[in-house]
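The values are calculated or read from the model by the stated rules, or taken from the named source; none is laboratory data. If you're wondering where the values come from, they're calculated on a predicted model, not measured in any experiment. Note that we place each Cβ from the backbone using ideal geometry, even for glycine, and neighbour counts take in every protein chain shown.
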Amino acid sequence: MTVTTSKVIVMNKMNRREFLKFAGAVAAPIALGGCGQGLEKLSDRRGRAAPNFVIALCDDLGYGDLACYGHPHIKTPSLDRFAKEGVKLTDCYAAAPVCSPSRAGMLTGRTPHRCGIYDWIPHSASRNETCRTYDFPERRWIAHSWKQMHLRQQEITVAELLKQAGYTTCHVGKWHCNSYFNSPQQPQPDAHGFDYWFSTQNNAHPSHKNPVNFVRNGREAGRIEGYSSEIIVDEAMDWLDNHWDRVGPFCIFVWFHSPHEPVATEKRFMDMYSGKKEAVYYGNVTQTDHAFGRLMDKLDDMKLRDSTFVMFTSDNGPETLNRYRGAERSYGSPGPLRGMKLHMYEGGIRVPGIIRWPGRVKPGSVCNEPVSGTDILPTLCSMAGVKVPTDRPIDGASVLPIFQGKTVVRKVPLYWRYDGALSRPFTVAMRDGNWKILADGEMTKFELYNIRFDIGETHNLASRHPNLLKKMKEKLIVLHAEIDAEGPKWRQQIF
Ligand SMILES: [Ca+2]
């Protein structure tokens, strides 16, 4: 039954010809040779200046939404060029299939459940939370407890670690790691290591156009003319000009609101798709691409290209059209993947991922080694010569080995949990090598896929590989219990 659902989703988004074109675009370079770069050994880097970091994160950008990931219509010239200058990751994952947990995972290097970020976080002022409960009884929480959910002060973020190591740090865009935004009741971006922040609690309001809800270092910025992706990049460029000391290295997190709803797009980008019902969405991705390109041009103007590691990715898969009232522009594509945002199948969690690091990453290469949002902290720490915290479990791993053509060494397999997943009963997933297991929260139902050869998760191999299933089940059950025990219990059950 679930296979049928998958086919419907894929076919809704992409016809067969487009799918084959996409599959070819992704698969062919892999066959030609993975990630080997012939790069300098990491030890050679000792003594060199630590690189700057730019981590650009889109909101709900699907795996199939960029031209360089096979989209048949959307134009993304800046990112296509960026991919030719760097490495395109075919197996890049978000830490979760939904906003807030994904961001917490990226900041902490920990699977978000450990941090207590179980779901997207409502704004403290929102009114309708008392009726928001999960519809399966064992997981029902009173909804106002969601407003208690936030990235706690005791979590250690990558920004804090880099700051301690002499980096100047900046966050621009969507934050979504607390409910009481710009309030003393919960930690704000500065409390999590960002020297400078120009951020919103969640989406740009009322839409990407002329947003009114940015806060700059604790002060409301008021209504700003323009579109949020451009506004964010303007701020990042201004920060580089006027706030970065130009002495030590910098780290900027550029967290776009686009192409999440409510989508609004400048006319000239919509006009590129005139006559298409998807014009607002497609144009929105193109506008984000344009804004990203401007930031890359700025790095060139300041002669920072060679000293800056840049990663572009997304926080989860694409929204389902009309899933809720207001999602009528969500024409995002998961490409050949099964599922969408909020699913534990690949469409929910596998996202575009492109890294440029001149001199270390072979231009135009393609890498099929899995990389997750939780890997950002250990990877950046490794490059900056900063120790990763040892007083708590860190799930991510440094992915620097992929730049030397090697495999990432993981102590913890890639793991995802989202109790509100639309792919229920499957709310938990784990990937170990080429294999992915899905499970329900009670660890009684399982599916098993060879994700390398079955990217669309169409063949459940659980019954065909009982020994492998048993091994992965055992590993997952232990990991799941350990992570579950660590998550803080600020939720209250209502019965
Ligand atoms: Ca999102």
Please verify whether residue 323 is touching a Gly at 6+ places or on another chain (Cβ under 9 Å) and either surrounded by 24 or more Cβ atoms within 10 Å (Cβ to Cβ) or more than 27 Å from residue 377 (Cβ to Cβ) (or both), treating the condition exactly as stated. no
Can you spot a residue in the stretch 289-305 that is over 30 Å from residue 409 (Cα atoms) and within 16 Å of the ligand (Cβ to nearest atom)? no
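Residues are listed down the side, and each one gets a yes or a no for (1) modelled with pLDDT of 95 or more; (2) assigned by TED's automatic domain parsing to the domain that holds residue 120; (3) closer than 25 Å to residue 104 by Cα:
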residue	(1), (2), (3)
399	yes, yes, yes
432	yes, no, yes
436	yes, no, yes
456	yes, no, no
For residue 132, indicate whether it is in the same structural domain as residue 369 (by TED's automatic domain parsing), touching a helix residue (DSSP H, G or I) at 6+ places or on another chain (Cβ under 6 Å) and modelled with pLDDT under 90. yes
I need a count of the residues in the stretch 256-272 that are more than 16 Å from the ligand (Cβ to nearest atom), hydrophobic (A, V, I, L, M, F, W, C) and not in a helix (DSSP H, G or I). 1
Within the bounds of the stretch 76-83, is there any residue that is more than 16 Å from the ligand (Cβ to nearest atom), farther than 28 Å from residue 426 by Cα, in a helix (DSSP H, G or I) and modelled with pLDDT under 60? no
In the stretch 232-240, is there at least one residue being in contact with a Phe, Trp or Tyr (Cβ under 8 Å, 6 or more places away or on another chain), acidic (Asp, Glu) and surrounded by fewer than 18 Cβ atoms within 10 Å (Cβ to Cβ)? no
Pairing a residue in the stretch 154-177 that is modelled with pLDDT of 95 or more with any residue that is among the hydroxyl-bearing types (Ser, Thr, Tyr) and surrounded by fewer than 24 Cβ atoms within 10 Å (Cβ to Cβ), where Cβ atoms lie under 7 Å and the two sit 6 or more apart in sequence or on different chains, gives 170/196
Residue 208 vs. criteria modelled with pLDDT of 95 or more, surrounded by 17 or more Cβ atoms within 10 Å (Cβ to Cβ) and touching a strand residue (DSSP E or B) at 6+ places or on another chain (Cβ under 8 Å): yes
Within the stretch 308-328, residues being among the charged types (D, E, K, R), more than 12 Å from the ligand (Cβ to nearest atom) and under 17 Å from residue 65 (Cβ atoms) number 1
Count of residues meeting criterion [among the polar types (S, T, N, Q) and in contact with a Lys or Arg (Cβ under 6 Å, 6 or more places away or on another chain)] in the stretch 314-357: 2
Considering every residue within the stretch 285-308, establish whether at least one is in contact (Cβ under 8 Å) with a residue 60 or more places away in the chain, farther than 22 Å from residue 227 by Cβ and in a helix (DSSP H, G or I). yes
Taking interchain pairs and intrachain pairs at least six residues apart, which have beta carbon atoms under 6 angstrom, with the first residue in the stretch 95-117 and closer than 14 Å to residue 392 by Cα and the second within 10 Å of the ligand (Cβ to nearest atom) and of a type in the set (A, V, I, L, M)? 112/96
Sort out which residues of the stretch 273-284 are touching a Ser or Thr at 6+ places or on another chain (Cβ under 6 Å) and either in contact (Cβ under 8 Å) with a residue 40 or more places away in the chain or within 16 Å of the ligand (Cβ to nearest atom) (or both), and write them in order of number. 280, 284
Filter the stretch 181-235 for residues that are among the basic types (Lys, Arg) and within 27 Å of residue 281 (Cα to Cα) and give the result. 209, 223
Would you check if there is a residue in the stretch 215-222 being buried (at least 24 other Cβ atoms within 10 Å of the Cβ), at pLDDT 95 or above and either in the same structural domain as residue 61 (by TED's automatic domain parsing) or not in a strand (DSSP E or B) (or both)? no
Output the residue which, of all residues in the stretch 93-121 that are touching a Ser or Thr at 6+ places or on another chain (Cβ under 6 Å) and not in a helix (DSSP H, G or I), is surrounded by the fewest Cβ atoms within 10 Å (Cβ to Cβ). 120
